[in-house]
Amino acid sequence: MAILRGIFVLSSFTCLFALGACGSDDDESSAGGGTLVGFTGSKCKKESGGAALTAAEAHAGLECVRWKPSGEGLQIDLSNFEGACGASWQGVAKQSEKGLELRATNPSCLLAACGSCMYDWSFQVKVDTTSDLALDLVTDPCPGQQTPETESLTLPLSKSAEGELCHYASYGGLSWQAGALGQCGQAFMPCQKSGGMCDGTGAPCQAGLECAPGASATEEVCHPTCTTDTDCALSGILSCKAGLCEAPTSF
């Protein structure tokens, strides 16, 4: 989800503050919405450091929703969601017309001028787990002043008490992260020479990976090679197509 409005995208990874500190402290829990039991979140991933990625570590380049039963109902984990750099995220859960809305919001509207970031958010919610659950996932960087970004999906709770759904993560957010951590050309990250933060030199991808379109023809990432689906990590999510392990383009 591209959330670059209202911040200045700099060519340097040095964070020059626009309105607040770059990166966020551990996110606070919010009791809003009546169904939220707890909320936690990561700091901006591009500022936390990172090791080289292997072909098996496909999650690094995917946006995923995982769910499992918890003592209070359901734990829903969101990984690699794009948000504004420097935001201090809080969680809100409330009933929607279709089912449940989970909202990561930055009520202070404090942002930093260092591009976009990838975040992980975890919601503990009280909700009926006996039937499928329609979810609206909302990222709101500045309530009332910027338009929130929304993704929708349905958790098949009637068939699976726990599981995960994934698709290619935001290309813009991954580019910022890969450039900052030296991960361009690694598994499911933007290819080298793709422009932007990954406009580097050398081979487009590491050995054993091939540069090919991800979520769109213009968003090329490095895919592991394969012969059958069993050669791909994340069984049931990645599939072998034309010799490459590919992810879905939507939930």
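So what does the Cα-only Debye profile of segment 183-246 read at q = 0.17, 0.21, 0.22 Å⁻¹, as log10 I(q)/I(0), no solvent term? After summing over all Cα pairs, the log10 values are -0.53, -0.76, -0.82.
Within segment 102-183, none of the GluC sites (Glu not before Pro) combine a DSSP coil assignment with at most 10 other C-beta atoms in a 10 angstrom radius.
Cross-link pairs exceeding 20 Å between alpha carbons, from the set 94/126; 45/98; 68/159; 45/94: 45/98; 45/94. Annotation: amide H of residue 37 within the under-5 Å range of 124, 125, 126, sequence separation 5 or more or interchain, hydrogens built in the peptide plane.
Close amide H partners of residue 96, meaning residues 5 or more places away or on another chain with modelled amide H under 5 Å apart, are 101. Ignoring aspartates and glutamates fewer than eight residues from residue 193 along the same chain, the ones with Cα atoms less than 18 angstrom from its Cα are 210, 219, 220.
Which of rounded, prolate, oblate describes segment 102-251, given a ≥ b ≥ c as roots of the alpha-carbon gyration tensor eigenvalues and a/c under 1.5 marking rounded, otherwise prolate only if a/b is larger than b/c? It is oblate, given that a/c is not under 1.5 and a/b is not larger than b/c. With a ≥ b ≥ c taken as the square roots of the eigenvalues of the C-alpha gyration tensor of segment 36-168, please select rounded if a/c is under 1.5 and otherwise prolate if a/b is larger than b/c or oblate if it is not? Taking the square roots of the gyration eigenvalues as a ≥ b ≥ c, segment 36-168 is oblate. Each Lys and Arg adds +1 at its Cβ and each Asp and Glu adds -1 at its Cβ; summed about the Cα centre, segment 183-246 shows a dipole of about 80 debye.
Can you put 237, 76 in order, fewest other beta carbons within 10 Å first? Walk me through the intermediate numbers first.
Numbers: 237 20, 76 23.
Least crowded to most crowded, the residues run 237, 76.
Within a straight-line Cα-Cα reach of under 18 Å, residue 46 can be paired with the following aspartates and glutamates, leaving aside sequence neighbours fewer than 8 residues apart in one chain: 25, 26, 27, 57, 63, 82, 120, 199.
Any read-out appearing in this document is the output of simple, stated calculations on the displayed coordinates, not a laboratory observation. Being a predicted model, the structure only gives us computed values, none of them experimental. So basically every Cβ, Gly included, is an ideal-geometry build from the backbone, and we count neighbours across all protein chains shown.
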